[in-house]
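What follows is calculated from the coordinates using simple rules that are stated; it is not laboratory data. It should be emphasised that the depicted structure is a prediction, and the values quoted were computed from it without experimental measurement. Ideal geometry is used to build each Cβ from the backbone, glycine not excepted, and the neighbour counts take in all protein chains shown.
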Amino acid sequence: MKIVEVRHPLIQHKLGLMRRAGVSTKDFRELATEVAALLTYEATKDLETAEETIEGWAGPLRVHRIKGKKITIVPILRAGLGMLPGVLDMIPSAKVSVVGVQRDEDTLQPVAYYEKLSGRMDQRIALIVDPMLATAGTLIAAVDMLKAAGCTRIKGLFLVAAPEGLARVEAAHPDIEIYTASIDQRLNEHGYILPGLGDAGDKIFGTK
Ligand code: URA
């Protein structure tokens, strides 16, 4: 599985600001948007382009245009919505496919409770967005949904990932690509990433 820890100075700086205890909702949200945009830049480096001739201000010239599979952004409810604006800033024409996954209290297994996907998923590159790749149960369920809909090119963008979660995704879906601003140390006994960001959903939405 391709795993890219994007160690760009801007990303490291912004993630450091997000890790401060007491960071405000406004700052956390803005920084999540900015880091999501920078991760998008990295995750789209391999998009295919084709040359075309246009009429420029000084006459005809050859320019590049993105071609091939169209992108759908896939925020996983709820926290994934916090990264959506940053990805849309970079790819304003992308379609958005929303998925909701929650843990069944009895079986502790992730269960999909909402799915509204773009059309022609077989012809799209899916960019899953979720701030935290922790145990990976949610991500694996989301990838299962996308593959069931015919999607064959799937990338995941995360602010922070845990080594345990990365190992689980690799075992379940070795064909996807992961882009993260940081691979942190480990999960704690409650499934939170250390040092991590705390509850990213609460920080994005200002809930407790
Ligand atoms: N979800 C979060 O919001 N934070 C974690 O550390 C793990 C899962």
**Study point:** Rounded to whole Hz, the Karplus (6.51, -1.76, 1.60) HN-Hα couplings of the range 120-133, x for glycine and proline
**Key:** 6, 4, 5, 9, 10, 8, 9, 10, 6, 10, 7, x, 10, 9
Exercise for review: Name the aspartates and glutamates eligible as straight-distance cross-link partners of Lys26: C-alpha to C-alpha under 20 Å, and not fewer than 8 places from it in the same chain.
Suggested key: Glu34, Asp89, Asp130, Asp199, Asp202
Practice item. Can you tell me how much longer the chain between Gln123 and Glu52 gets when fully stretched, taken as 0.36 nm per residue apart minus their C-alpha distance, in nm with one decimal? Key: 23.4 nm
Check your understanding: What is the list of residues in the range 133-167 whose amide nitrogen lies under 16 Å from a point 7 angstrom out from the Cα of Gln102, following Cα to Cβ?
Key -> 138
Review point. By how many degrees, between 0 and 90 and to the nearest 10, does the Cα long axis of helix 137-148 differ from the longest principal axis of the chain?
Key: 40
Review point. For Ala172 and Val23 in the same chain, what is the full-extension length gain: residue separation times 0.36 nm, less their Cα-Cα distance, in nm?
Key: 50.2 nm
Point to revise | Helix 9-18 axis, angle to the chain major axis (alpha carbon atoms, nearest 10°) | key: 40
Point to revise | Of the chymotrypsin sites (Phe, Trp or Tyr not before Pro) in the range 52-150, those whose Cβ has at most 11 other Cβ within 10 Å and which sit in DSSP loop | key: Trp57
Exercise for review: Enter the Cα centre distance for the pair the range 36-51 and the range 90-160, rounded to the nearest angstrom.
Suggested key: 19
Check your understanding: From the cross-link list Lys70/Lys208; Lys147/Lys208; Lys116/Lys203; Lys14/Lys67; Lys14/Lys116; Lys2/Lys203, which pairs have alpha carbons spaced over 27 Å apart?
Key -> Lys70/Lys208; Lys147/Lys208; Lys14/Lys67; Lys14/Lys116; Lys2/Lys203
Check your understanding: Taking H as built 1.01 Å from N, whose amide H comes closer than 5 Å to the amide H of Phe158, not counting residues under 5 places away?
Key -> Tyr179, Thr180, Ala181
**Study point:** Residue-by-residue Karplus 3J(HN,Hα) for the range 191-208, coefficients 6.51, -1.76, 1.60, Hz, glycine and proline x
**Key:** x, 8, 7, 10, x, x, 10, x, 7, 5, x, 4, 6, 6, 9, x, 9, 10
**Study point:** Placed amide H near Val74: partners under 5 Å, 5+ positions off or other chain
**Key:** Ser97, Leu127, Ile128, Val129
Check your understanding: Where does the chain land at 222 nm, in deg cm²/dmol rounded to the nearest 500, when only DSSP H runs of n ≥ 4 count, each adding -39500 (n - 2.57), divided by all residues?
Key -> -9000 deg cm²/dmol
Practice item. Just tell me the longest site-free run in the chain, where the sites are GluC sites (Glu not before Pro) in a DSSP loop having at most 11 other beta-carbon atoms within 10 Å. Key: 106-188
Review point. Going by the alpha-carbon gyration tensor, a ≥ b ≥ c the square roots of its eigenvalues, is the range 73-176 rounded (a/c under 1.5) or, if a/c is not under 1.5, prolate (a/b greater than b/c) versus oblate?
Key: rounded
**Study point:** Theoretical FRET efficiency, 1/(1+(r/R0)^6), r = Cβ-Cβ of Gln109 and Arg7, R0 30 Å, to 0.05
**Key:** 0.30
Check your understanding: Could you give the angle, 0 to 90 degrees to the nearest 10, between helix 25-43's Cα long axis and the longest principal axis of the Cα atoms of the chain?
Key -> 50
**Study point:** Potential extension, Glu189-Thr207 segment - 0.36 nm per residue separation minus Cα distance
**Key:** 4.2 nm
